[in-house]
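Below: the structure, in structure tokens.
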Amino acid sequence: MIKTLLHYINVNRWRLVRVSKHNFLMYCSVFVGLIAGLSAVLLKYLVHFMEDLSRNISAHLPYHYSYIFLPALGILFTVAYQHLINRDQIQKGIGTLIYIIKRNKSNVKFNNVYSHLITSSLTVGFGGSSGLEAPIVSTGAAIGSNTGRFFKLSPYHKTVLMAAGASAGIAAVFNSPIAGVLFSLEILLGEISISTFIPLLIASATGVVVAKVLYSRQLFHLVTEGWVMTALPFYILLGLLCGWVAIYIGKVAEHLEKGIFKKQNRYVRAALGGLILGLIILIFPPLLGEGYHYLQEALNGNINVLKEESLFGSYMEHRWVMAGFIAALVFMKIVAAGITLGSGGNGGTFAPTMFTGAFLGLFVAYVVNQTGLVHLNTSNFIAVGMAGALSGVLHAPLTAIFLIAEITGGYVLFIPLMIVSAISYIISRLSNPHNMYWQGLIHEKNVYPGQDDEMLNSIELSKLISRDYLTLTKEQPISELFKVLADTNINVFAVLSPEHELQGVLWLDEVRKVLYNPSLPADATIADIMVMPPAIVDYDQSAQDVMQLFDTVDAWRLPVMRDDRFVGFISKSALLNQYRDAMVKQHKQSDLFHQQ
């Protein structure tokens, strides 16, 4: 313990003396990208190990019926780990990461470095219908945050490293460095600047290199072809459908992910939810796990794979039954994902969204091809459908376009990708101006996009409290107030009880007319002219909350209480001045190439 502490002190002393801040941030970005890339590779191997274990279990049972209990088993293992080993310390979801950046100075608990790898591999490896993208984003962000905490970096630099870890995780999973960077910029940070772009790019590239060296499998193979003008109206149609489906995904995910069987304990909830999920997967086998195997086969043009393992495979020889089955997959994937997460599993809706968009594109191409009006390239529509769904759900069109272009090799599809992603994004935004991650933060945490929470939360409210005040009692005659006014230029007074409790305040500007009113009784006391303040600030409130309080009550000075005792006044002007200083400080921190 002592050696570790001494080593920690020496490392920090060395880097403060020998390395400039912007260079050190670059070194940290390489380190974060390396560890996040290794974590992504480890997660892939863990999932494959769990999947092999599931297949071994299935080998001793009628194959289809093992689907009923395997997802429940994985979710139960996940819940047990979170409860008994992790002690409910895991911080799930990309929305939680945004909240941590906004309100918790980018401090992620250390156990999140490894907990998501274990729990998501258990959930998805045993057939839970969710994705690994949110867990690897959370893992990468935890690596970045804890690296910043270890070296005592500022909240701004910890935020950059969090985004760098998330970028590296996404890039390593999908082999898509540009999409990894854009994901963090559009979703986590909400801004694009050179100061943040470069560390993210370094981490993302590092993560991809690590994944390529240690993991040879490719998520999807090059299958797309160039697009033709005759298909343009159907791409527009697909964009419209993607927008409407994105709205559907957002509403279903919002309700199911909050939890099912809420009156039951966690283990009963996991078992019941897992069994319902198993029954759904029994009917729709492509919903098992991430579903990427079926997606790749569909990209290859082999839609007959959907008949395999299906209890209704013989009926799917009819083309319109097949079309109905594909349409059902579009609507059921997000239901299965919501049940997986709502019953206690760990994963995300990123992969289910891609799956949904892919099969929506397959549905459009398949139905149009069956009519004989025109022949559409099925693989192209599958790839473009993935981008459309992601763009609408995440409200991140750039991420969607570059991700699908990179993982499918579909650079020749840039125009259809742009058209479908833009249409889907517009329709989704018209329905809801915020993506699914911000929706929960706004309604449950009172956190909004565009708020400068980081700068406000860097302000220490205790340093802004003015303790230079004069107190009065409500029994004092007004004549004593005149004597006090002659010796001070203070224009606000606290009226306190003997126990130092606030009973009222005197705003000199507001009571001036009353003081010189001839109708005021000669024996008038402070109680006759004091007023209650429009609001009271708690000593432990955040600067963000206090600023909102000032705006709500339209006041410039408010009293501060601590444990029901008056401690002083805080002014809005002092808070604004401190905010300005914090803004200047952050600007200097973000200007990497001018740091010494």
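Please name which of VAL367, VAL330, LEU341 has its Cα lying farthest along the dipole of segment 330-480 towards the positive end, using unit charges on Cβ (Lys, Arg +1; Asp, Glu -1) and the Cα centre as origin.
About the Cα centre, the residue reaching furthest to the positive side is VAL367.
With a cut-off of 8 Å between alpha carbons and a minimum separation of six or more residues, what is the relative contact order of segment 67-122 in percent? It would help to have the intermediate numbers written out before the result.
Values: 28 pairs, mean separation 25.1, N = 56.
Relative CO of segment 67-122 lands at 45 percent.
At 222 nm, what value in deg cm²/dmol follows for the chain if DSSP H runs of at least 4 each add -39500 (n - 2.57) and the sum is divided by all its residues, to the nearest 500?
Taking each H run of at least 4 residues, the total per residue is -20000 deg cm²/dmol.
Residue separation times 0.36 nm, minus the C-alpha to C-alpha distance between VAL209 and LEU279: what's the value?
Extra length available between VAL209 and LEU279 comes to 21.2 nm.
What ranking, highest mean first, results for peptides 351-357, 501-507 when packing means the other Cβ atoms within 10 Å averaged over each residue?
351-357, 501-507
Which number do you get for Rg(Cα) / (2.2 N^0.38 Å) in segment 135-236? Show your work: numbers first, answer last.
Numbers: Rg = 16.5 Å, N = 102, 2.2 N^0.38 = 12.8 Å.
So the Cα radius of gyration is 1.29 times the expected 2.2 N^0.38 Å.
So for each of 188-199, 81-92, 172-183, 417-428 I average, over its residues, the number of other beta carbons within 10 Å; can you give me the resulting order with the highest mean first?
172-183, 417-428, 188-199, 81-92
So how strong a dipole does the chain carry about its Cα centre when Lys and Arg Cβ are +1 and Asp and Glu Cβ are -1, to the nearest 20 debye?
1360
Of the beta bridges DSSP finds with both residues in the chain, what % are antiparallel, to the nearest 5?
So the antiparallel bridges in the chain amount to around 80 percent.
Which whole-number percent gives the relative contact order of segment 392-446, counting Cα pairs below 8 Å spaced six or more residues apart? Each step should come with its number before you reach the end.
Numbers: 33 pairs, mean separation 28.3, N = 55.
Result for segment 392-446 is 51 percent.
Roughly what would the spin-label model give for SER193 and LYS258, points 7 Å off Cα along C-beta, in nm?
Label-label distance for SER193 and LYS258, simple model: 3.6 nm.
In whole percent, how big is the carbon plus sulfur part of the accessible area of the chain, probe 1.4 Å, protein atoms only?
60
Give the distance, in whole Å, between the Cα centre of segment 224-260 and the Cα centre of segment 61-132.
Centre-to-centre (Cα) distance: 27 Å.
Based on the mean of other beta carbon atoms within 10 Å per residue, what is the order of 137-145, 475-483, most packed first?
By packing density, highest mean first, the sequence is 137-145, 475-483.
Scanning the chain for helices, which whole DSSP H stretches are 18 Å or more long along the axis (Cα) and average -0.5 or more by Kyte-Doolittle?
Those that clear 18 Å and a mean of -0.5 are 2-18, 21-58, 112-125, 133-150, 155-174, 194-214, 232-256, 266-283, 319-342, 350-371, 378-394, 414-431.
Can you work out the accessible area per residue across the chain, with the rest of the protein chains kept in place, probe 1.4 Å, in square angstrom?
Numbers: 26300 Å² over 596 residues.
Per-residue accessible area for the chain comes out at 44 Å².
With the Cα gyration tensor of the chain in hand, convert its eigenvalues to equivalent ellipsoid semi-axes via √(5λ) and list them largest first in whole Å.
Computed over the chain, the values are 55, 27, 24 Å.
Evaluate the relative contact order of the chain (contact order divided by residue number), counting alpha-carbon pairs under 8 angstrom at least 6 apart; express in whole percent.
16
Just going by the charge dipole of segment 253-335, with Lys and Arg at +1 and Asp and Glu at -1 on Cβ, which of SER314, GLY259, ALA298 is farthest out on the positive end?
Going by the charge dipole, the pick is GLY259.
Which FRET efficiency value, to the nearest 0.05, is calculated for VAL374 and GLU480 with the Förster distance at 60 angstrom and r the Cβ-Cβ distance?
It comes out at approximately 0.05.
The values are calculated or read from the model by the stated rules, or taken from the named source; none is laboratory data. Please read these numbers as outputs of a predicted model, since none were measured by experiment. So basically every Cβ, Gly included, is an ideal-geometry build from the backbone, and we count neighbours across all protein chains shown. Quick note on the areas: whole protein, heavy atoms, side chains included, nothing else; ligands and nucleic acids left out. Shrake-Rupley method; radii C 1.70, N 1.55, O 1.52, S 1.80 Å.
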